[in-house]
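A.B. asks: Quick one: the structure is below, questions incoming.
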There are 2 protein chains.
Amino acid sequence: MVAEQTIPEQTYNPVTPAIVEELKNIVGARYVIHGDEEKLEPFSHDEILEKAYRHMPDVVARPRTAQEIAAIMKLANREHIAVTPRGAGSGLSGGAVPIYGGVVLLCDRMNDILDVDAENMMIVVEPGVVTSQINEHVAPLGLFYAGYPMSLETCYIGGNVAENAGGGKAVKYGVTSRYVLGLEVVTPTGEIIELGGKLVKDVTGYNLLSLMTGSEGTLGIFTKIILKLLPSPKANVDLLCLFPSARQAIEAVPKIMTQSGITPTAIEFMDRSSVKAGCEYLNETIPYQNAGACLLITVDGASEQQVEREYEAIGELCLANGAFEVYVADNFTTSERIWKIRRNVAEAFAVISPIQVNEDLVVPPSRIPDLVDGMAEIGKKYNLFVPTYGHAGDGNIHSRISPRPEVSKEQWYQLVPEMLHELYTLTAGLGGRVSGEHGIGHKRKQYVPMFLTPETIEVMKTIKRALDPNNVLNPGKIFDV
Amino acid sequence: MVAEQTIPEQTYNPVTPAIVEELKNIVGARYVIHGDEEKLEPFSHDEILEKAYRHMPDVVARPRTAQEIAAIMKLANREHIAVTPRGAGSGLSGGAVPIYGGVVLLCDRMNDILDVDAENMMIVVEPGVVTSQINEHVAPLGLFYAGYPMSLETCYIGGNVAENAGGGKAVKYGVTSRYVLGLEVVTPTGEIIELGGKLVKDVTGYNLLSLMTGSEGTLGIFTKIILKLLPSPKANVDLLCLFPSARQAIEAVPKIMTQSGITPTAIEFMDRSSVKAGCEYLNETIPYQNAGACLLITVDGASEQQVEREYEAIGELCLANGAFEVYVADNFTTSERIWKIRRNVAEAFAVISPIQVNEDLVVPPSRIPDLVDGMAEIGKKYNLFVPTYGHAGDGNIHSRISPRPEVSKEQWYQLVPEMLHELYTLTAGLGGRVSGEHGIGHKRKQYVPMFLTPETIEVMKTIKRALDPNNVLNPGKIFDV
C-alpha cells in the first residue's frame, strides 16, 4: 500500500514566474513563499510523514480574505494549476498535501473570531482559528463548542469542517457537521457563496452545508464559519473502567449504549498496549497494570446529582459485564490526566515505530468486538503489532499497525498491501467503512471502491466534475475524476 | 402570489399508451392508475388546496421495489417524461405535485419495517411507512425516533426525509437529517446507490446522505432508510406558560434558551388566536382565557428528579419574564390534550378560512420577537388576520394569513404579492429564510432569490443539472434549471 501509492500523470501547467508575481499582487509579496525548498518543505506533508505520501508545492500563498482566495481560484482556472487548501496541517489522510504541486493556499492568517453571539448561542470564526480557542472564548459565557476533535490544541477549525472531524464527545454530541450552521465558501471556480446562517433550521434550497462539510477541500474553501454552541454541562465525571481483556471491554460497549438508557458523552477504548504507550510517552501512571483493556467513559449533565446517578448506573453495568475495577475521576485534574493519555496514544505510537500504517475504521457499534478480534488475528498472522484504541461508542476504532522486531523493513512493505486488503475486507464485511473521521485524502482513495459501489462513487465524481470543471481544487483527493 | 404562480412552458413528451403499457409491465397493471380523472385527482395536490398550485398527473404508478423505480426512471429519461415521487401527500409546499403532468410515483406500497436493530439502536424502513408507526414499533424496546414532524400520524417517513422535516422536539433533538444514517436511493438516471449504513460516523466520500435529505424529491427517490434511534427518556413534563402578550411570550424564548443552561425538548409558541382556533376546532378547553399568548415547553430526561429540577428552573424563568401562570402537565393524558391543540392549529385555520397563505419563516432565535412584531404590523397595514404559532425555540414561526371579513377575495389576491414581498423582505433583513421545515416546492420557489444569492442558487442548480441531465425527476421544484 505505502509502496504502491502512485499519482496519476501530471496534467497541470507549471507555476511560472508570472503566476508567482500575480499571486504576490493578490495576497502581498511577503505572504508568498517561493523558491526556498526549506521553507516550502513543511507544506509537503501533514502528520503522516511517510515519504510515499509527500509532495512539494511550487508556491505557498497566505491570503487574508475570501476575495483574495476567489482571485487565486480564478487564476488557477485560467492557468490550469492545482490549488491545495491547508489549515494547521494536522490531518492524517493527506488532504492538505499538494500531490500535483501548484499552489498551497494556507489559511493561517484568517484567524479572527468574528462574532460571539451569546443570545443565539453561536460563534462566527475564520478558518484559521485553533479549535481549542473557541472553547476558551465561550466558556466564560457558560457555553461550549461540542464538535471538537482530539487534536483540538493544534488543529484549525477550517480543517475540522473540511474533514468533518470527530471527537471525544461524539457519542452524545455528534461530530463537527452537527454544529456547522453557516459557511462562506469560495467555490472551485472562484465564486463566493453563502450557505446557511444563524439558523438552527433551514430548508431553503439544497443542504450544501453538509455537502461542503467533509468534502476535504475538494468542493470549496471555507472563509467564514458559523458554529452552534450549547449550554455548558454543569457537571462532568470520567470513569476509568478496567477489564481483564480487550474482548470483554469492547463487548461491554454496546451493552452500555443500550441497557443503561443513558447516552454517555464519550466511550473511549484503549487496549493494554495503547494505555501503556500513552503512559510511557507522557511519563504518567494510571493503575492499568492488571488490565487487558480499559474504557474511558464520560458522563455530563445539568446537575451533579444527575451525573452521579448516571455514572453509577454505567459503572455498575461495567462491573456486571466483566470490569474488575472502576475508578471515578470527578475533578478536572484527574480527568485531564486520563484524557491526556488517550489523546496522546497516536503520538506515542508514532515515536515507538516510525514505520506504521494508521487506521480509522468504523463499523456498526454492535460489530466492534468482531472487528477488534479480527484485527488481533491479522496481527498474529502477519507478525505485526496491532494496537487498538479509539471511539468505541461510535464504532470507530483506530490502530497504528507496525512490524514486530523480527519483521524486516522489506518484508513489511511487501506484506502491507495484502494485510490491508484483508483488514478492509473484514471491515467491509461487517458493514463498515475505511474512515470514520480522518478522511480519505490520497492516502486511502485506492481503497474506497472496497466500500462504495461504482454507481455511488460515480455520483460523487459527477458532483466534483460539475463544481470544479477544470479539476483545480485539491485534485487527486478522495478519488480521481 | 397565489395568482401569479406560473409554470414555465411544458417541454416534456406526452405519456403515450405505449408508455402506460410499459409502466404496467414494470409495476403490474393493477398498480397503474390511468384514464380516470376521479382516481387521478387526489394526486394533483398536497395539503395546500389552492387551485393555483394543482396539476393533474397523466398516470400514477405504484412500484414495490427499488428495481421497479429504477426501471421507471430509465423509461422517463428515454421518453423524456416527468416523474414526481409522492408519499402521503401531506406536504405544504407542493413537492409532490406533478406540475408538468407525467408520472406520479406513489410509494405507498413500499411500507415495510425491514429491520429493528436494538443492539445498534437503529431501524431500517421503506419510504411508505407512516412515521408514527416507527415509534409504536420501537417503544417496547425502550427506544424512540426523535426526528418526527407534527403530522406524524399521516405522513410517510420517505416524505420526511425528502423534506428534511422538522418537529416538535427539534430544539433538543434536531430535525430528520440528524437521524438519517443510511439511504438506498434511485438516482434521476435510474441507478441504485447506497449511502451511509449502520454507522454513526462515516467520512468515506462526500456526504450525499445530507444532500439527498431535504432535496424534495429532485435528486433521488429513497427506497430504504436507516434511522438512528435513541434511548427513550424516562421522564417527560410539559409546561403551559401563559403570558399577557405575544411579545412577552416570544421575548422569553431566547432567555429560556440561554439563561437556564438547559436545552428543553420543545419550546412551542401559540398566540391567543392560534390557541383559540385549536381549542374550538377540537372542542377542547384549556385555561388560556386571559393570555395573549402561551409557550408550550417540554422537558425530558433520564430521571424524574432531573426533569423536575429542569422544569422548575424553566417555569421560574418564565414567571420572571412575564408569564402570569405556569401549568404543569406531568401525565400523558394532559400532555397529549395540550399537544393535540398545538398539532391541530394549522388544520383549524384551514377550516376557518380556506383562502389563506401558509408561512414557515425561520430567523435567528434572538430575532423572533422582531419577526412576530413585524408580522403584526403587516396584518394591521393590509387588514389581514396574521396568527403566529410554531417552533419558537428553533426560530421557526408559522402563520396562516387570511383576509379579514371586510377584505374581498379580489382585494386579497391583489394584495398578497405585495404583502408577501414585505413579509419576506422583513424576514431576509433579520437574517432569516422563507422555509424552516416545509420546503420550497413550486409554491415558494419564486421567492428563493430574496434569500439566496444568484451564485449560491447557481451552485445548487449545477448539482441538479449534473445528477438529472434530462431534468425528469420532480422538475420545477425549488428552482427552474
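A.B. asks: Which GluC sites (Glu not before Pro) from the range A:272-354 combine a DSSP loop assignment with at most 16 other Cβ atoms within 10 Å? It would help to have the intermediate numbers written out before the result.
C.D. replies: Numbers: sites: A:GLU280, A:GLU284, A:GLU304, A:GLU308, A:GLU310, A:GLU312, A:GLU316, A:GLU325, A:GLU336, A:GLU347; in loops: A:GLU284.
Loop-located and lightly packed - A:GLU284.
A.B. asks: Accessible area of the range A:5-106 with a 1.4 Å probe: how many percent of it is carbon plus sulfur? Present the calculation step by step, with values, prior to reporting the outcome.
C.D. replies: Values: 2260 of 4460 Å².
Here it works out to 51 percent.
A.B. asks: Let me ask you something else. Pairs A:LYS464/B:LYS39; A:LYS74/A:LYS172; B:LYS409/B:LYS477: which are spaced more than 31 Å apart, C-alpha to C-alpha?
C.D. replies: Numbers: A:LYS464/B:LYS39 43 Å; A:LYS74/A:LYS172 42 Å; B:LYS409/B:LYS477 28 Å.
Among A:LYS464/B:LYS39; A:LYS74/A:LYS172; B:LYS409/B:LYS477, the Cα-Cα distance tops 31 Å for A:LYS464/B:LYS39; A:LYS74/A:LYS172.
A.B. asks: Where in the range A:129-237 are there GluC sites (Glu not before Pro) that are in a DSSP coil and have at most 14 other Cβ atoms within 10 angstrom of their Cβ? Display every interim value, and only then the final one.
C.D. replies: Working: sites: A:GLU136, A:GLU153, A:GLU163, A:GLU184, A:GLU191, A:GLU194, A:GLU216; in loops: A:GLU153, A:GLU191, A:GLU216.
Answer in residue order: A:GLU153.
A.B. asks: Shifting gears a bit: What GluC sites (Glu not before Pro) in the range B:384-481 are in a loop by DSSP, with at most 11 other Cβ atoms within 10 Å of the Cβ?
C.D. replies: Sparse-neighbourhood loop GluC sites (Glu not before Pro): B:GLU406.
A.B. asks: Kindly state, to the nearest 0.05, the FRET efficiency for B:GLU347 paired with B:THR65, given R0 = 45 Å and r defined as their beta-carbon distance.
C.D. replies: For R0 = 45 Å, the calculated efficiency reads 0.85.
A.B. asks: OK, next. With the other protein chains left in place, how much accessible area per residue, in square angstrom, belongs to the range B:267-383 at a 1.4 angstrom probe?
C.D. replies: On the way: 4860 Å² over 117 residues.
Roughly 42 Å² per residue, with all protein chains present.
A.B. asks: Right, here's the next one. Equivalent ellipsoid semi-axes for the range A:219-298, as square roots of 5 times the alpha carbon gyration tensor eigenvalues: give them largest first, rounded to whole Å. Before the final figure, lay out the partial values.
C.D. replies: Details: eigenvalues 174, 76, 40 Å².
Listed largest to smallest, the semi-axes of the range A:219-298 are 29, 20, 14 Å.
A.B. asks: Give the Rg/Rh ratio for the range B:353-445, taking Rg as the radius of gyration of the Cα atoms and Rh as the Kirkwood radius, to two decimals.
C.D. replies: On the way: Rg = 12.6 Å, Rh = 13.3 Å.
Result for the range B:353-445 is an Rg/Rh of 0.95.
A.B. asks: Also, I was wondering about something else. What is the local net charge at A:GLU312, summed over the other residues whose Cβ is closer than 13 Å to its Cβ (Lys, Arg +1; Asp, Glu -1)? Don't jump to the answer; show the numbers that get you there.
C.D. replies: On the way: positive: A:ARG309; negative: A:GLU304, A:GLU308, A:GLU310, A:GLU316, A:ASP330.
Summing Lys/Arg as +1 and Asp/Glu as -1 gives -4.
A.B. asks: Per DSSP H run of at least 4 residues, take -39500 (n - 2.57); add these up for the protein assembly as shown, divide by its residues and hand me the 222 nm value, nearest 500 deg cm²/dmol.
C.D. replies: Numbers: 30 runs with 330 residues, N = 962.
For the protein assembly as shown, the value works out to -10500 deg cm²/dmol.
A.B. asks: How much of the accessible area of the range A:235-345, probe 1.4 Å, is carbon plus sulfur, in whole percent?
C.D. replies: Values: 1990 of 4300 Å².
Of the solvent-accessible surface of the range A:235-345, carbon and sulfur hold 46 percent.
A.B. asks: Still on this structure, I have one more. What percentage of the solvent-accessible surface of the range B:353-445, computed with a 1.4 Å probe over protein heavy atoms, is contributed by carbon and sulfur atoms? Can you show the working numbers first?
C.D. replies: Values: 1490 of 2910 Å².
Ligands and nucleic acids excluded, carbon and sulfur reach 51 percent.
A.B. asks: Using just the C-alpha positions of the range B:235-345 as equal point scatterers, what log10 of I(q)/I(0) does the Debye formula give at each q in 0.11, 0.14, 0.16, 0.23 1/Å?
C.D. replies: -0.30, -0.49, -0.65, -1.29
A.B. asks: With a probe of 1.4 Å, find how much accessible area the range B:113-231 has per residue, and write the answer as a whole number in Å². Before the final figure, lay out each step's value.
C.D. replies: Numbers: 2930 Å² over 119 residues.
Normalised by residue count, the accessible surface of the range B:113-231 is 25 Å².
A.B. asks: List the residues of the range B:165-204 whose accessible area drops by at least 40 Å² when all protein chains are present, compared with their chain alone, using a 1.4 Å probe and counting only protein heavy atoms.
C.D. replies: B:ARG178, B:ILE193, B:GLU194, B:LEU199, B:VAL200, B:LYS201, B:VAL203, B:THR204
A.B. asks: May I ask for the accessible area buried between chains A and B, both sides summed, probe 1.4 Å, to the nearest 100 Å²?
C.D. replies: 6500
A.B. asks: Quick one: if the Förster radius is 35 Å, what FRET efficiency do A:HIS421 and A:ARG465 give, using the C-beta to C-beta distance and rounding to 0.05?
C.D. replies: On the way: r = 29 Å, r/R0 = 0.83.
The pair A:HIS421/A:ARG465 has a calculated efficiency of 0.75.
A.B. asks: What shape does the range B:43-122 have by the C-alpha gyration tensor, where a ≥ b ≥ c are the square roots of the eigenvalues, rounded means a/c under 1.5, and otherwise prolate means a/b greater than b/c and oblate the rest? Write out the running numbers ahead of the final one.
C.D. replies: Numbers: a/c = 3.03, a/b = 1.40, b/c = 2.16.
Oblate is the answer for the range B:43-122, as a/c is 1.5 or above yet b/c matches or exceeds a/b.
A.B. asks: For chain B, evaluate the Debye formula with one uniform point scatterer on each Cα (no solvent term) and list log10 I(q)/I(0) at q = 0.08, 0.09, 0.10 Å⁻¹, rounded to two decimals.
C.D. replies: Computed log10 I(q)/I(0) values: -0.48, -0.62, -0.77.
A.B. asks: So how many Å³ per residue does the convex hull of the Cα atoms of the protein assembly as shown work out to?
C.D. replies: Numbers: hull volume 155.1 nm³, N = 962.
For the protein assembly as shown, the hull spanned by Cα atoms encloses 161 Å³ per residue.
A.B. asks: Same structure, new question: Any residues in the range B:107-149 that have 50 Å² or more less accessible area with all protein chains than in their chain alone, probe 1.4 Å, and which are they?
C.D. replies: B:GLU119, B:ASN120, B:MET121
The values are calculated or read from the model by the stated rules, or taken from the named source; none is laboratory data. Predicted model, so just to flag it, every value in this text is computed and none were measured. Positions of Cβ are backbone-derived with ideal geometry, glycine not excepted, and every protein chain shown enters the neighbour counts. Ligands, DNA and RNA are stripped out before the accessible areas are found, and what is left, the full protein with its side chains, is counted by its heavy atoms. Shrake-Rupley method; radii C 1.70, N 1.55, O 1.52, S 1.80 Å.
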